[in-house]
Amino acid sequence: MSEQNIGKLNRLLAELGDTRLVSSRWLRAHGYSSSLIVRYVASGWLVSPARGVYMRKSGRLQWEGVVRSLQVGEGIALHVGGRFALTLQGYEHYLRLGDAGTITLYGPNGPPGWVEKLPLKERFEFRGKGPFDPSVLRFSEMSEKMLLEQGLTWLRANAGVDALVCSTPERAILELCDGVSGPALVYEADALMQAMTTLRPQRVGMLLRHCRSIKAKRLFLALAERHRHAWLSHVPLDGVDLGRGKRALVPGGHLHPTYQITLPGDLDEHLA
């Protein structure tokens, strides 16, 4: 192998580290020809855990590395949000059994096809744009302040792994409320809201103004009021569009007098 190719290999291996993956598209864009990639695989430097994607042979295939590779390497504006973002931030006790291994991703476009073919115990669930207009910028080009203005933040999922862009608890619970479609999910959202004792009212107000889902906003506020959270009275609601008319979220449920959305009458019975 020539010195030039050895240098390219060393740069690639340094880029990959222990958990990073790179797609064929990324490799071509960075000057690695198909024949060179084949040679790296044949020589034992790279392995392909799924068609069209590569990692170091000595690397560790982890869901965190997959998400980091998508966000920073591939430049795809997908963030960890909703249910799984709350799991990462200590609310897994309140989630349904089995959901802790489902990584909920939000963004304008879904992940590439190779993601679902990776041999991981966790699975990825793409939830679309969610109730917010997604960012069109690369996360790696956004400052922490810019991310926080969208209810996003860099979060280290585990010790020894790189940080990922995730929803803050304020945005994650609104994303969860947006996906509620029946009594079982209302019970879950209610149990999670009970634990939301330290939300930041200014951030809540900002996200409520930018949230496009009337259902999510009404359910969020109704559950927050139900649990009498101290921060709720400090949330600025000027400019928050709550729509008009009633929302029958649960057929036959009780209509919340302030936020005009129906909730199950037996919520107290389902709290832990």
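The values are calculated or read from the model by the stated rules, or taken from the named source; none is laboratory data. None of these values were measured; they are calculated from a predicted model. In this analysis, Cβ positions are derived from the backbone assuming ideal geometry, glycine residues included, and neighbour counts consider all displayed protein chains. Quick note on the areas: whole protein, heavy atoms, side chains included, nothing else; ligands and nucleic acids left out. Shrake-Rupley method; radii C 1.70, N 1.55, O 1.52, S 1.80 Å.
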Exercise for review: Take the solvent-accessible surface of the protein heavy atoms, probe 1.4 Å, and return the percent of it on the chain that carbon and sulfur atoms account for.
Suggested key: 49
**Study point:** Of VAL250, ILE173, SER213, farthest towards positive along the dipole that unit charges on Lys, Arg, Asp, Glu beta carbons give region 171-269
**Key:** SER213
Practice item. Enter the Cα centre distance for the pair region 191-241 and region 36-69, rounded to the nearest angstrom. Key: 43
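Let me check something: with ligands and nucleic acids excluded, how do ASP133, ASP162 order by accessible area (1.4 Å probe), largest to smallest?
Working: ASP133 105, ASP162 85 Å².
Result, largest first: ASP133, ASP162.
List the pairs from LYS145/LYS215; LYS121/LYS145; LYS217/LYS246 whose alpha-carbon separation is above 24 Å, in the order I gave them. Each step should come with its number before you reach the end.
Working: LYS145/LYS215 28 Å; LYS121/LYS145 34 Å; LYS217/LYS246 13 Å.
With Cα atoms farther than 24 Å apart: LYS145/LYS215; LYS121/LYS145.
So how strong a dipole does the chain carry about its Cα centre when Lys and Arg Cβ are +1 and Asp and Glu Cβ are -1, to the nearest 20 debye? Before the final figure, lay out each step's value.
Numbers: 34 positive and 26 negative charges, 153 e Å.
Computed charge dipole of the chain: roughly 740 debye.
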Revision key, fill the gap. With T = 37 °C, eta = 0.692 mPa s and Kirkwood Rh from C-alpha pairs, the Stokes-Einstein D of region 171-269 in µm²/s is about 245
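What relative contact order, as a whole-number percentage, does region 171-269 give when Cα pairs under 8 Å and 6 or more residues apart are counted? Intermediate values should be presented prior to the final figure.
Details: 120 pairs, mean separation 29.7, N = 99.
Relative contact order of region 171-269: 30 percent.
Taking a probe of 1.4 Å, how large is the accessible area per residue of region 147-242, in Å²? Intermediate values should be presented prior to the final figure.
Working: 3690 Å² over 96 residues.
That works out to 38 Å² for each residue.
Over region 188-241, what is the relative contact order in whole percent, taking alpha-carbon pairs under 8 Å and six or more residues apart?
On the way: 38 pairs, mean separation 29.1, N = 54.
Answer for region 188-241 is 54 percent.
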Review point. So how exposed is ARG171, as accessible area in Å² (1.4 Å probe, rounded to 10)?
Key: 10
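Note down the relative contact order for the chain as a percent, whole number, built from C-alpha pairs under 8 angstrom at least six residues apart. Intermediate values should be presented prior to the final figure.
Numbers: 414 pairs, mean separation 39.2, N = 272.
Once divided by the residue count of the chain, the mean separation gives 14 percent.
Tally the DSSP beta bridges in the chain and give the antiparallel ones as a percent, rounded to 5.
70
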Point to revise | Nearest-10 value in Å² for the accessible area of TYR259, using the 1.4 Å probe | key: 30
Study note, to complete from the structure: Matching label for the computed Rg and Dmax of the Cα atoms in Å, out of [x] 20.3, 65; [y] 21.6, 75; [z] 20.1, 69, is [y]
Check your understanding: Pick from SER24, SER140, SER43: which residue has the top mean-square fluctuation in a GNM of the chain where Cα pairs under 10 Å get a spring?
Key -> SER43
Study note, to complete from the structure: All alpha-carbon distances of region 63-167, grouped into 5 Å bins from 0, give the whole-percent distribution 2, 12, 24, 27, 21, 10, 3, 0
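Given the rule -39500 (n - 2.57) for each run of at least 4 DSSP H residues, summed and divided by the residues of the chain, what is its mean residue ellipticity at 222 nm, to the nearest 500 deg cm²/dmol? Before the final figure, lay out each step's value.
Numbers: 10 runs with 91 residues, N = 272.
Computed ellipticity for the chain at 222 nm equals -9500 deg cm²/dmol.
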Practice item. Pop a pseudo-label 7 angstrom from the Cα along the beta-carbon direction at both HIS234 and LEU137 and give the gap in nm to one decimal. Key: 2.7
**Study point:** Other-chain or far-sequence residues with amide H under 5 Å of HIS254's (modelled H)
**Key:** LEU263, GLY265
